[in-house]
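Take a look at the structure set out below.
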Amino acid sequence: MEESPGGPSQKKVVAVVGGGLVGALNACFFAKRGFDVELFETREDIRQAKIVRGRSINLALSHRGRQALKHVGMEEKIVSQGIPMHARMIHSLSGKQSPIPYGKKGQYILSVDRANLNKELLTAAETYPNTKLNFDHKLQDWSAETGLMTFVRSDGSKEEIEADLIVGCDGAFSAIRKQFLRLSRFNYSQTYIPHGYMELTICGVRRSPDYIAWCKCALMGGTPAHARGVPSAGQEMNAMRAHVNSKWFLFRKHVDNLLHFLMPKTIIPLYTMVTFTRTRYHEAVERWHWQDRVINRGLLFSATGALLGGSYLLIKNPPDINKLLVPAEKMWSRLVDLRTS
Ligand SMILES: Cc1cc2nc3c(=O)[nH]c(=O)nc-3n(C[C@H](O)[C@H](O)[C@H](O)COP(=O)(O)OP(=O)(O)OC[C@H]3O[C@@H](n4cnc5c(N)ncnc54)[C@H](O)[C@@H]3O)c2cc1C
C-alpha cells in the first residue's frame with residue numbers, strides 16, 4: 001500500500017461500479033493508493049459462473065494496456081499467456097492475401113483471452129485487504145449530491161450504499177452516465193458506426209495457435225469505437241475497413257513506413273503512436289494530421305517535379321510518338337485504377 005488518503009482512521013471509500021476490465025483494474029489502482037475500495041458488479045462472479053455472459057472475442061493488448069498492467073504488477077503474468085500478433089492479413093476479393101505489419105520488425109500486439117484477463121484482474125483486486133468485491137449488485141440509481149447509490153440484487157432486494165467517490169466503469173450503457181445526463185450542462189454525444197460485427201468460432205481446426213487467433217481477429221467486423229480500449233486500432237476494423245484493399249492506402253502505408261524508417265522521430269504512423277507509445281490520443285491525432293499534410297504535399301511536389309522533369313526531357317529529346325502511345329494508355333488506366341480502387 002502506497003498511501004493512506006485521509007489518514008489511517010478516516011480512509012475515503014471509493015465505489016467502483018462495474019467489474020469488467022476497467023473496473024477491476026481501477027479497483028487495483030485505488031486499493032494500491034490506500035483507499036477503501038468497494039467494487040459492485042451486476043453479474044455473478046465470472047470466476048465461479050458456469051456460463052459467462054458477454055463478449056468472448058480476444059483482446060489485442062498494446063503497449064498502453066501493458067503499462068497499466070505493469071503498474072499493478074500483472075504485466076508478466078498476462079503477457080506470458082498472450083499470443084504475439086505481428087501483422088494483420090488483408091484478404092482481397094480476388095483471394096489475394098497481403099500481410100501488413102502492425103509496427104516495425106519485432107513490434108507486435110498480444111492477443112489475450114478477454115475472460116481470463118477479467119478473472120485475473122478481479123483476483124488481483126481481491127488480494128488487497130482494503131478491497132471488497134460485491135457481485136450480483138446492479139446499480140439502479142445514485143445521487144451526485146450525496147453519493148448514495150441504490151443497488152438491486154437478482155432476488156429483487158435493494159441495498160443503499162454511500163461512498164466518497166463513485167467511479168463509473170459500467171460499460172457502454174452506463175447507469176452512472178445516465179444519471180449525469182440529468183444534470184444541466186452535461187454534454188454527451190453518441191455515434192454508431194454503420195457496421196456491425198459477428199463473432200465466429202472455428203472449432204477443431206488443426207493449425208498452429210497463431211493461426212486460430214489470427215482467424216478470430218481477421219473475421220471481426222467494425223466495432224462501436226467509443227467502447228474500445230485501443231481506439232487506434234479502431235483496430236483496423238473501423239479505421240481501415242474501407243481502405244485496406246485500396247491501392248492508394250497500401251501505397252501510403254509503404255510511404256509512411258519508409259519515412260518512419262528514415263526519420264523515426266519526425267514521421268510516426270498513427271497506428272504506431274497509438275499502439276506502441278503512450279502519446280496522448282489528442283496529440284497523436286493532431287500530429288498525424290500534420291504529418292499527413294506534409295507527406296501529401298511532399299508527394300504532390302515530387303509528382304509535379306517528376307512530371308515537369310519528364311516533360312522537359314521529352315521536349316528536349318522527342319521520342320517516336322507511335323511507340324509511346326500504348327505504354328501511355330496503360331499507365332493512365334493504372335493511375336485511374338489506383339485512385340478509384
Ligand atoms: C468486438 C470488440 C472488440 C474489441 N477489441 C478490443 C481489443 O482488441 N483491444 C482492446 O483494448 N479493446 C477492445 N475492445 C474494447 C474493450 O472491449 C472495451 O474497451 C472494454 O471492454 C471496456 O471495459 P469496461 O470495463 O469499461 O466495460 P465492460 O467490459 O463492458 O464492463 C462493464 C462491466 O460493468 C458491469 N455493469 C454494467 N452495468 C452495471 C450496473 N448498472 N451495475 C453494476 N455493474 C454493471 C457489466 O456487467 C460489466 O461487467 C473491443 C470491443 C469490442 C466490442
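The values are calculated or read from the model by the stated rules, or taken from the named source; none is laboratory data. Predicted model, so just to flag it, every value in this text is computed and none were measured. In this analysis, Cβ positions are derived from the backbone assuming ideal geometry, glycine residues included, and neighbour counts consider all displayed protein chains.
For the range 66-117, give me the residue count where each residue is in a loop (DSSP other than H, G, I, E, B) and of a type in the set (D, E, K, R). Break it down stepwise before answering.
Initially, the range 66-117 is screened for residues in a loop (DSSP other than H, G, I, E, B), giving 72-74, 81-82, 86, 92-96, 102-108, 113.
Restricting the remaining residues to those that are of a type in the set (D, E, K, R) gives 96, 104-105, 113.
Residues in the range 66-117 being in a loop (DSSP other than H, G, I, E, B) and of a type in the set (D, E, K, R): 4 in total.
If I ask for residues that are under 28 Å from Pro129 (Cβ atoms), small (Gly, Ala, Ser) and not in a loop (DSSP other than H, G, I, E, B), which ones from the range 35-65 would you list? Within the range 35-65, just Gly65 meets the criteria. Within the option set Val79, Val13, Val112, Val37, being more than 16 Å from the ligand (Cβ to nearest atom) and modelled with pLDDT of 90 or more holds for one residue only, Val13.
Restricted to the range 92-109, and to residues that are surrounded by 17 or more Cβ atoms within 10 Å (Cβ to Cβ) and away from the ligand (no atom under 14 Å from the Cβ), which residue is nearest to the chain's Cα centre (by Cα)? Quick ask: steps written out before the conclusion?
Of all residues in the range 92-109, those surrounded by 17 or more Cβ atoms within 10 Å (Cβ to Cβ) come to 100, 102-103, 108-109.
Add one more test, that the residue is away from the ligand (no atom under 14 Å from the Cβ), and what stays is 100, 103.
Working: Ile100: 17, Gly103: 15 Å.
This residue is Gly103.
So which of Leu338, Leu325, Leu300, Leu308 ends up being modelled with pLDDT under 80, hydrophobic (A, V, I, L, M, F, W, C) and surrounded by fewer than 11 Cβ atoms within 10 Å (Cβ to Cβ)? Reasoning before the result, please.
Details: Leu338 fails: surrounded by fewer than 11 Cβ atoms within 10 Å (Cβ to Cβ); Leu300 fails: modelled with pLDDT under 80; Leu308 fails: modelled with pLDDT under 80.
Exactly one residue qualifies, and that residue is Leu325.
Just wondering, is there one or more residues in the range 198-212 that are within 11 Å of the ligand (Cβ to nearest atom) and at pLDDT below 85? Please lay out each step first, then the result.
Residues of the range 198-212 that are within 11 Å of the ligand (Cβ to nearest atom), as a first pass: 198-199.
If we keep only those that are at pLDDT below 85 as well, we get 198-199.
Within the range 198-212, one or more residues are within 11 Å of the ligand (Cβ to nearest atom) and at pLDDT below 85.
Note on the range 16-34: residues that are more than 15 Å from the ligand (Cβ to nearest atom) and assigned to a helix (DSSP H, G or I) amount to 2.
The criterion of at least 1 residues that are farther than 30 Å from Gln67 by Cα is met, among helices (runs of 4 or more DSSP H) falling completely within the range 260-341, by 281-316, 321-340. The number of residues in the range 31-50 that are without any contact (Cβ under 8 Å) to a residue 60 or more places away in the chain and closer than 19 Å to Gly171 by Cβ comes to 1. Trp332 meets the stated requirement of being over 20 Å from Gln107 (Cβ atoms) and at pLDDT 80 or above. From the list Ala218, Ala175, the one residue that fits, being touching a strand residue (DSSP E or B) at 6+ places or on another chain (Cβ under 9 Å) and at pLDDT 85 or above, is Ala175. Go through the residues of the range 124-135 one by one and say whether even a single one is away from the ligand (no atom under 12 Å from the Cβ), without any contact (Cβ under 8 Å) to a residue 40 or more places away in the chain and in a loop (DSSP other than H, G, I, E, B). Yes, the range 124-135 contains at least one residue that is away from the ligand (no atom under 12 Å from the Cβ), without any contact (Cβ under 8 Å) to a residue 40 or more places away in the chain and in a loop (DSSP other than H, G, I, E, B).
Tell me which residues, restricted to the range 40-76, are polar (S, T, N, Q) and more than 11 Å from the ligand (Cβ to nearest atom). Please lay out each step first, then the result.
Pass one, the range 40-76, residues polar (S, T, N, Q): 42, 48, 56, 58, 62, 67.
Result: Gln48, Gln67.
Considering (1) within 21 Å of the chain's Cα centre (by Cα); (2) part of a loop (DSSP other than H, G, I, E, B); (3) of a type in the set (A, V, I, L, M, F, W, C); (4) modelled with pLDDT of 75 or more, the lone condition that Phe186 does not fulfil carries the number (1).
Count, please, the residues in the range 118-140 that happen to be within 19 Å of Gly171 (Cα to Cα) and of a type in the set (Phe, Trp, Tyr). Steps first, please.
Initial filter on the range 118-140 (within 19 Å of Gly171 (Cα to Cα)): 118-122, 125, 133-140.
Next cut, of a type in the set (Phe, Trp, Tyr) only: 135.
The qualifying residues number 1.
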